[in-house]
Amino acid sequence: MHPPATQDPSRAKALDKQQRLRAARVKIRDLEASRAYWKNRALAAQGGGPPAASEATPVGAAQEPDAAARQQLRLPPPGHRHSLLVIQLTLQMFLGAGLGSRGVPRVLSLLAPWMPVSLPAHTTVLNWVYRCGLAILLQPPQRREDWIYIADHTLELGTSKCLVILGIPAARLLETGYSPSHRAMQVLAVKVTTHSTGEWVATVLREVAERTGVPVQIVADHGSDLHKGITLFRREQTTDCVETYDISHRIATLLKAELQPDARWQTFLAHCKRTLASFQQTDLAFLLPPRQRTKARFMHVDTHVEWAQNLLAYQERGDFSAVRPTCVLTVAAGTTCATVWASPACVPCTCCWAIGIPTRQPSARPCRRHPTYSSRIWTTPFGISPTPAARAFWKASPG
């Protein structure tokens, strides 16, 4: 094998010279634009007129405040390669429009033919977002006497747990209609630990109170470490500080005490779970219940209740055109079937009939005795051994 050919030294020197020349041209262009911008700013501050002809600014230099601001947006901040316009658009699209770190450069590439924008890498987008968040976190909060803290732990990531403390002045609650959004809150502290104790929580609260002043209220979920830490913090304060049980966690605790021992609720959840597993990717997938959460389950009871109400409303409307008529009975015929063919496997559901039969003949005989019997009975699509809670679907039909 021949050794790899080395690059010609003269060629490498010429390429390096070209790169330095291009960099110098870009730097000169930016310096000229910056000089024109600050020169016009100085003249405007002194109340003077535009510069003389011998001191005319370069072509395209700003002559009005709006034009000067636009020109400033095209310049990169110190230590950056991309312009201020690109950074501003990136943060607005990531934080305001919900685009991802890879979607932002793609949108900028669509705007490039009409706007002077460059394309940052997705890691650059993330770095700008991180810097923006860090700047907000390090910004000193206003010291006042009506701060309200909201303290909570995030979900554990591995062995680490993060304590986040948000704050809002009590005077701003009226402006938000006593329902503040995320934008109305200010991040006061973000602390990560591998072992959260009451003493550690009290230490964090003391550090935050030194910067903001003693709060008038602390809202938390009554976790053991949080509750202990808040209690220790309150004992050290001379002013009144109220601890408030978070309303969402309080209601979830009451619902848990009410529903967890209820056999009807547990049966309902069990049927939802079996139905979800049996009818995925079928014609009845649009009627499937929501998935059950593994954490904070009783804080999302409303999703199952709302689904059940929508399912009952769907039955009452009587329009089942979205369901392929594979097994069709009227409600009265289905009731007769359940009465005559007395079997525990024949149970009515809210919007359909679950009848445990391998074929259609056992149910067809009793159903023919009913005057509202429907002749549209075909073989069930769920096989010979369906589950007890998810067998052949028999839906109410106008006839």
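The values are calculated or read from the model by the stated rules, or taken from the named source; none is laboratory data. In this text, all values refer to a predicted model and were calculated from it rather than measured experimentally. So basically every Cβ, Gly included, is an ideal-geometry build from the backbone, and we count neighbours across all protein chains shown. These accessible areas exclude ligands, DNA and RNA; they are computed on the full protein's heavy atoms, side chains included. Shrake-Rupley method; radii C 1.70, N 1.55, O 1.52, S 1.80 Å.
Quick look at the numbers
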| item | result |
| --- | --- |
| Trp200, Trp38, reordered so the largest accessible area comes first (probe 1.4 Å) | Trp38, Trp200 |
| Electrostatic dipole magnitude of the stretch 102-160 [Cβ: Lys, Arg +1; Asp, Glu -1; Cα centre; debye, to 20] | 360 |
| Gain in span if fully extended, Asp146 to Glu258, counting 0.36 nm per residue against the direct Cα distance | 36.7 nm |
| Added length on full extension, which subtracts the Cα-Cα distance from 0.36 nm per residue, Thr123 to Ile251 | 41.9 nm |
| Efficiency of FRET from Cβ geometry, Val190 and Phe286, R₀ 45 Å, rounded to 0.05 | 0.60 |
| Reach of Lys191 by Cα under 21 Å, taken over lysines that are not fewer than 8 positions away in the same chain | Lys161, Lys228 |
| Extended-chain gain in nm, criterion 0.36 nm per residue less alpha-carbon gap, Arg106 and Ala24 | 26.6 nm |
| Estimated inter-spin distance, Ala171 and Thr159, nm [label 7 Å along Cα→Cβ] | 4.7 |
| Spacing of the two label points (7 Å from each Cα toward its C-beta) at Tyr178 and Ala296, in nm | 2.4 |
| Amide H partners (placed H, <5 Å) of Ala189, local residues excluded | Ile165 |
| Solvent exposure of the stretch 184-240 as accessible area per residue, Å², 1.4 Å probe | 50 |
| Of all accessible heavy-atom area on the stretch 132-282, the percent that carbon and sulfur account for (1.4 Å) | 56 |
